[in-house]
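The values are calculated or read from the model by the stated rules, or taken from the named source; none is laboratory data. Because the structure is predicted, anything quoted here is derived from the model rather than measured. As a convention, Cβ positions derive from the backbone with ideal geometry for all residues, glycine included, and neighbour counts pool all protein chains shown. Side chains included, ligands, DNA and RNA excluded: accessible areas come from the protein's heavy atoms. Shrake-Rupley method; radii C 1.70, N 1.55, O 1.52, S 1.80 Å.
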Amino acid sequence: MSIDAASGGMRPVPLAHKSLAEYAPVVGDDVIAEIETLARPLQGVRVAHISATAYGGGVAEMLHTLVPLMRSVGLQAEWRIISGSEPFFTITKSMHNALQGKEFTLTQAMRDIYMQANERNAASFENDYDFVVVHDPQPAALRSLIAGHGTWIWRCHIDPSDAQPAVWQFLRPFIEAYDAAIFTLPAFVKPDLRVHKVAIIPPAIDPLSPKNTFLPADEIAEIVALVDVDPLRPTIVQVSRFDPWKDPLGVIDVYRAVRREIPGVQLVMLGAMAHDDPEGRIFFEQTTRYAGNDPDIHLLTNAGGSIEVNAFQRHASVILQKSLREGFGLTVTEGLWKERPVVANNVGGISLQIEDGVSGYLVSNTQECIERALTVLREPEVALQLGRNGREVVRNNFLSTANLRNYLRLFHELSTARE
Ligand code: UDP
């Protein structure tokens, strides 16, 4: 079934082929065997994932791996994206921000646009699935608009703990129509949510994707040299959007203090800039002014392809994540996976990934961040050990295979509950 976007229906997302067996050298045979055991009673089970977009952002990135892996273990998994007008996506972007705490007034006209788009998408959906997983708020109303069988799960990828009450109260009844809801962390679960089952599943990275796969040293050196970063000098790296919550000015403070102690250190801040993100441009310009004309500060906005991110993360002598607030922090996961020492502010999901002094350093302010960055730059043995431990944490908890296993477990639990 292929429905044109203009008709307001859902569209299938073309998927690459992936095989679970390819992950065996990374995660080990035991993990593969456990997944196969979990998948055995789920053979042929029909699963639909529904989300707002097929490209851009962490949700799309994860589904491009998760859905093919579900197919690879015998589930009939599909992924559909909803369609909607520009006003619909503008409203849902604001709702998304409001769920993360930003002031926003949800007018009746906006509610109507949200409902109309969900109704049009619902009309195009043939509900003959065993499991339907709906991602994030944009399509959240679908369950209330589609009758019929199947187990419906809402997957929340954001941290709604400080949500604006009006937006949360608008969405809550839609979410309560689901059989289960998935959150990233227990702290993200809204206390007033009444849903049959709440599951906690952290995000995951794909170790075989261009962003995370192995890169040889000469290729890394070539990529960083392309933008005049010296491959032979120590480098502090933060990969993040130019956003005040990522504290770009604080990162420059850390670099300056470190450089007074270790001359020759360079700073790279890598943050892809969406053309339609005027806010990002303002913060980028502010960061540029703060950086002044230091030739060793590299603020890169158009070198943000997956392979470049991979190269800069691998080149880093220390990876910073100075966020003042963070949902999970995939950049931390990516840095740990590359065996780099990560120094990160102790906020949100970062503490789930870093055990202080074991798999990286957790800090609470700029001074601590400077001290820890100096430690890893001065003590290569410490840096090496933190990196090694960090990679194991990610291997055991935050790879695509763990994500697949978590979903299969949830499908089991929900199937058993229905019997
Ligand atoms: N990212 C990227 N290019 C950039 C900056 C960021 O590809 O120039 C990616 C980064 O590798 C990570 C994601 O964007 O996968 C950011 O996710 P995270 O959870 O760290 O932060 P968010 O942007 O969702 O707040």
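Hey, could you check segment 151-187 for residues that are of a type outside the set (S, T, N, Q), in a helix (DSSP H, G or I) and free of Cβ contacts under 8 Å to residues at least 40 places away in the same chain and say which is surrounded by the fewest Cβ atoms within 10 Å (Cβ to Cβ)? Top of the filtered list is 186.
This table checks each residue for (1) within 23 Å of residue 60 (Cα to Cα); (2) open to solvent by less than 20 Å² (accessible area, probe 1.4 Å).
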site: 365; (1), (2): no, no
site: 369; (1), (2): no, yes
site: 383; (1), (2): no, yes
site: 400; (1), (2): yes, yes
site: 409; (1), (2): yes, no
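When you look at residue 287, is it among the β-branched types (Val, Ile, Thr), at pLDDT 95 or above, within 15 Å of the ligand (Cβ to nearest atom) and over 20 Å from the mean Cα position of the chain (by Cα), yes or no? When the stated conditions are applied, residue 287 passes them. Listed by first and then second residue, the pairs linking a residue in segment 234-254 that is touching a residue at least 12 places away in the same chain (Cβ under 8 Å) and open to solvent by 20 Å² or more (accessible area, probe 1.4 Å) to a residue that is away from the ligand (no atom under 12 Å from the Cβ) and β-branched (Val, Ile, Thr), with Cβ atoms under 7 Å apart and 6 or more places separating them unless they lie on different chains, are 234/262; 234/265; 249/287; 253/366. If you go through segment 299-310 and keep only what is in a loop (DSSP other than H, G, I, E, B) and either more than 10 Å from the ligand (Cβ to nearest atom) or within 28 Å of residue 361 (Cβ to Cβ) (or both), you end up with 301, 303, 304. Collect the residues in segment 161-202 that are at pLDDT 95 or above, within 16 Å of the ligand (Cβ to nearest atom) and in contact with a helix residue (DSSP H, G or I) (Cβ under 6 Å, 6 or more places away or on another chain), keeping them in residue-number order. Within segment 161-202, just 201 meets the criteria. Within segment 347-363, the residues that satisfy the criterion of being farther than 25 Å from residue 210 by Cβ and either surrounded by fewer than 16 Cβ atoms within 10 Å (Cβ to Cβ) or at pLDDT below 95 (or both) are 347, 348, 351, 352, 355, 356, 357, 358.
Looking only at segment 311-337, residues that are within 11 Å of the ligand (Cβ to nearest atom), assigned to a loop (DSSP other than H, G, I, E, B) and open to solvent by 10 Å² or more (accessible area, probe 1.4 Å) come to 4 in all. Among the residues in segment 90-99, are any in contact (Cβ under 8 Å) with a residue 24 or more places away in the chain and surrounded by fewer than 17 Cβ atoms within 10 Å (Cβ to Cβ)? No, that holds for no residue. Among the residues of segment 203-214, those identified as in a loop (DSSP other than H, G, I, E, B) and within 16 Å of the ligand (Cβ to nearest atom) are 203, 204, 206, 207, 208, 209, 210, 211, 212, 213.
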